[in-house]
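The values are calculated or read from the model by the stated rules, or taken from the named source; none is laboratory data. A quick note: this is a predicted structure, and the numbers were derived from the prediction, not measured. Positions of Cβ are generated from backbone atoms using ideal geometry, with glycine treated the same way; all protein chains shown enter the neighbour counts.
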Amino acid sequence: MAKKNKSSLKEKKGVSISEITNLSSIKAIQDKRKVEIDPVALRNSILNKDITALSRAITMVESKNPKHLEQANTIIKGCLPHANKSIRIGITGVPGVGKSTFIETFGTYLTSLGKRVAVLAIDPTSSITKGSILGDKTRMEALVKDENAFIRPSASGDTLGGVARKTRETIILCEAAGFDVIIIETVGVGQSETTVHSMVDFFLLLKLAGAGDELQGIKRGIIEMADAIAINKADGDNLKNAKLAKVEFNRALHLYPEKESQWAPKVTLCSALNNEGIDAIWDIILEYIEITTKNNFLQKKRNEQNKFWLLQTIENQLKSDFFNSPNIKKELAEQLKLIENNQTTPFAAADFLLKIKSEKSL
């Protein structure tokens, strides 16, 4: 009888017995995922260096589900006493400079020294499709297999500078999981450098020689933020150009005033592909950490970063609450039509909407 029912199902629905079994397996997995999450148990697993638990917690942090947000906050608070013990490094550079290759080589070098390394790679989100490739794990094939390394690609979304909205909380979770070095890779476009700079201890700028990239040295913004400049792909026929670029960058750095950290940014050469100059970069970072720890700049910088992210979080939440208000959504559509018909100005429309929101809050 059972065979007849299955055969009938196959004839009527076009579904094979194997497909029925697969569907049952998928449902079982989905039911398993619906099991209530215990934030305390998840936190304890993270403290025991459970990578699966860490990945699950990061997924909750990145979720927009209010329930997940509440659970994530509980986990983060539990992890906070065990955080703030890593070296946080921001790495940026124009597309094509070799960031992924450098990070893989650099990360592998650190794990060879006995360090545990977490890489938080921010992938740009398409403004058209809203999708991201999230391909950093495929680009770092050797590092992803290293048991002392953890790579977490995240979509940048529509947040400031293309930096993932919850990267700050992810750093805390990774530190609680016992990672000594946290590397944050920027998308290398727009204002992402500014945002990453506000959450790391050391900011490394990767540059190219012989591609006109050294001319960027005259631009104040990115150079002022850099604690070191590494000219990558300094090998083969490009070595001569790299040495000339190093001289140019050193000249440019002398034009800037002394930093509050009392640290003089350094310029160095490296070849991530040939694994050359990587140890020198790590020595520079350690020297920076030693100097800024002794003069208390490192702690002061982290305190200022925490204040910045407090205000940033409040600003983001207020913005989210404003645009998610049903009343505002309706009135915003009306105001946009008025602007299109030249019946009001953007400023008057904004003032009108803000007054509506204010009145609703009273």
field: Single residue of R302, R251 found to be among the basic types (K, R) and over 24 Å from V97 (Cα atoms)
entry: R302
task: Answer yes if at least one residue in the stretch 100-116 is under 22 Å from V200 (Cα atoms), at pLDDT below 85, part of a helix (DSSP H, G or I) and not hydrophobic (A, V, I, L, M, F, W, C), and no otherwise.
output: no
Residue, modelled with the highest pLDDT, within the stretch 277-309, restricted to residues that are touching a helix residue (DSSP H, G or I) at 6+ places or on another chain (Cβ under 6 Å) and not β-branched (V, I, T): L298
field: All positions within the stretch 212-248 that are β-branched (V, I, T) and modelled with pLDDT under 90
entry: I218, I222, I223
message: Just to be sure I understand, how many residues within the stretch 313-344 are in a helix (DSSP H, G or I), of a type in the set (S, T, N, Q) and without any contact (Cβ under 8 Å) to a residue 12 or more places away in the chain?
response: 3
task: Just need a number here: residues in the stretch 149-179 that are modelled with pLDDT of 95 or more and either part of a loop (DSSP other than H, G, I, E, B) or touching a Gly at 6+ places or on another chain (Cβ under 6 Å) (or both).
output: 4
task: Report whether or not L353 is farther than 22 Å from F106 by Cβ, touching a residue at least 24 places away in the same chain (Cβ under 8 Å) and not charged (D, E, K, R).
output: yes
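Does K12 satisfy the criteria of being surrounded by fewer than 10 Cβ atoms within 10 Å (Cβ to Cβ), closer than 30 Å to N148 by Cα and modelled with pLDDT under 60?
Working: surrounded by fewer than 10 Cβ atoms within 10 Å (Cβ to Cβ): yes; closer than 30 Å to N148 by Cα: no; modelled with pLDDT under 60: yes.
Spelling it out, it is not the case that K12 is surrounded by fewer than 10 Cβ atoms within 10 Å (Cβ to Cβ), closer than 30 Å to N148 by Cα and modelled with pLDDT under 60.
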